[in-house]
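Asker: Take this structure first; my questions come after.
The values are calculated or read from the model by the stated rules, or taken from the named source; none is laboratory data. Just so it is clear, the structure is predicted and the values come from calculations on it, not from any experiment. Cβ atoms come from the backbone with ideal geometry, glycine included; neighbour counts cover every protein chain shown.
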Amino acid sequence: MPLVVTKKYTHLFFDLDNTIWDFNANSFDALYIALDKLKLLDQIGSYDAFFRIYIDVNDRLWDLYRQGLIQKKVLSIQRFEESFQRHGAPVKVGGGAVNDAYLAEMPLQTRLIEGARKILDHLHGRYEVAIITNGFKEVQYDKIKNSELSKYFRKIFISEEVGAQKPRREIFEYALKSMNAPKKSSLMIGDSWDADIIGARDFGIDQIYFDPKSDLNREKGGPTHPAYHNFNEIIAPPPCFSETQQKNGGKNQVTTRIISDLHHLFYIL
Ligand SMILES: [Mg+2]
């Protein structure tokens, strides 16, 4: 495996949630604030326990939504009503009201994935950078604006506006065309194997799977979270870094790489 990747990319497509913007941490905070404002915190007892149930319910419903099996409105309401029910505290105000309060708080949260701003600063001006996201349009633009990320992205492609969600090829096709991006020099970076990696791979562009929980690191005896705070000091390759090449429908060969830390992008880009 070469330590220096010689291929030159010109166009980078980032996923937003949990790749750049720390969705998990921000969601935890936003829902807490929303429930507090609705005066529901007292009713639910342990917020941590409630939040774990909510994540479970929300993930399952998002899967159904991605597959087109339920509508956005059902997802929005049911994720809260079901969470309250499973937690043993049926919500009196209705799932829709909780959803509205939660979505109002979400874009005000600004926590980013560690290393995100540093790598975006590095890429700024060197590459054409864009976002491809499956999130809701009423919150995605504000998240980017409030987190002071707007300057880094030439365009933001939101599935609701494009009319297709990752992993469908239409959204990748639309994004690359809009950016005048050649497939060969385009790269998708995201934390969802099913949406970002399979989607980009099947479309026929290289991908980097950002997997913070990757155990590649441990297998190779390295630290779980290497402290690469200053990329100028990096002289050895990251311990958790792997690369595979795959045929794309018998046409061009595309590359899949796995990283467990955004700082590893300094090796590749
Ligand atoms: Mg994501």
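Asker: Out of the helices (runs of 4 or more DSSP H) lying entirely within segment 24-123, which hold 1 or more residues that are under 17 Å from Phe136 (Cβ atoms)? Break it down stepwise before answering.
Answerer: Numbers: elements: 41-44, 47-66, 72-86, 95-105, 116-123.
Counting at least 1 such residues, we get 47-66, 72-86, 95-105.
Asker: Further question on the same structure: Here is a check on your reading of the model: is Tyr9 within 28 Å of Leu176 (Cβ to Cβ) and either touching a strand residue (DSSP E or B) at 6+ places or on another chain (Cβ under 6 Å) or away from the ligand (no atom under 16 Å from the Cβ) (or both)? First the steps, then the outcome.
Answerer: On the way: within 28 Å of Leu176 (Cβ to Cβ): yes; either touching a strand residue (DSSP E or B) at 6+ places or on another chain (Cβ under 6 Å) or away from the ligand (no atom under 16 Å from the Cβ) (or both): yes.
In short, yes.
Asker: Which residue out of Phe28, Phe23 is without any contact (Cβ under 8 Å) to a residue 24 or more places away in the chain, in contact with a helix residue (DSSP H, G or I) (Cβ under 7 Å, 6 or more places away or on another chain) and either within 30 Å of Lys155 (Cα to Cα) or surrounded by fewer than 19 Cβ atoms within 10 Å (Cβ to Cβ) (or both)?
Answerer: Numbers: Phe23 fails: in contact with a helix residue (DSSP H, G or I) (Cβ under 7 Å, 6 or more places away or on another chain).
Within the list Phe28, Phe23, the selection yields Phe28.
Asker: Oh, and also: Would you confirm whether or not segment 150-157 contains a residue that is away from the ligand (no atom under 15 Å from the Cβ), of a type in the set (S, T, N, Q) and outside any helix (DSSP H, G or I)?
Answerer: No, every residue in segment 150-157 fails to be away from the ligand (no atom under 15 Å from the Cβ), of a type in the set (S, T, N, Q) and outside any helix (DSSP H, G or I).
Asker: So Arg79 fits all but one of (1) at positive phi; (2) not assigned by TED's automatic domain parsing to the domain that holds Ser192; what number is the exception?
Answerer: Every listed condition holds for Arg79 apart from (1).
Asker: Now, a different point. Test each condition in (1) away from the ligand (no atom under 16 Å from the Cβ); (2) touching a strand residue (DSSP E or B) at 6+ places or on another chain (Cβ under 7 Å); (3) not hydrophobic (A, V, I, L, M, F, W, C) for Asp17 and report the one that comes out false.
Answerer: (1)
Asker: Any idea which residue in segment 158-199 is farthest from His264 (Cα to Cα), counting only those that are within 12 Å of the ligand (Cβ to nearest atom) and of a type in the set (D, E, K, R)?
Answerer: In this case the residue turns out to be Lys166.
Asker: Is it the case that segment 48-67 has a residue that's touching a residue at least 40 places away in the same chain (Cβ under 8 Å) and either closer than 24 Å to Ser192 by Cα or away from the ligand (no atom under 16 Å from the Cβ) (or both)? Walk me through how you get there before you give the answer.
Answerer: Filtering segment 48-67 for residues touching a residue at least 40 places away in the same chain (Cβ under 8 Å) gives 66.
The next check asks that each one be either closer than 24 Å to Ser192 by Cα or away from the ligand (no atom under 16 Å from the Cβ) (or both); those that pass are 66.
Yes, the conditions are met somewhere in segment 48-67.
Asker: Also: If you go through segment 166-175 one residue at a time, how many are in a helix (DSSP H, G or I) and surrounded by 21 or more Cβ atoms within 10 Å (Cβ to Cβ)?
Answerer: Of segment 166-175, the ones in a helix (DSSP H, G or I) are 169-175.
Still in the list and also surrounded by 21 or more Cβ atoms within 10 Å (Cβ to Cβ): 171-172, 175.
Count: 3.
Asker: Could you list, ordered by first residue, the pairs with Cβ atoms under 7 Å in which the first is in segment 124-135 and without any contact (Cβ under 8 Å) to a residue 40 or more places away in the chain and over 14 Å from Ser178 (Cβ atoms) and the second is more than 16 Å from the ligand (Cβ to nearest atom) and hydrophobic (A, V, I, L, M, F, W, C), at least 6 apart or interchain?
Answerer: none
Asker: Another question, if that's okay. Kindly indicate which of Leu123, Leu103 is out of contact with any His (no Cβ under 8 Å at 6 or more places or on another chain) and assigned by TED's automatic domain parsing to the domain that holds Phe28.
Answerer: Details: Leu123 fails: assigned by TED's automatic domain parsing to the domain that holds Phe28.
On inspection, the qualifying residue turns out to be Leu103.
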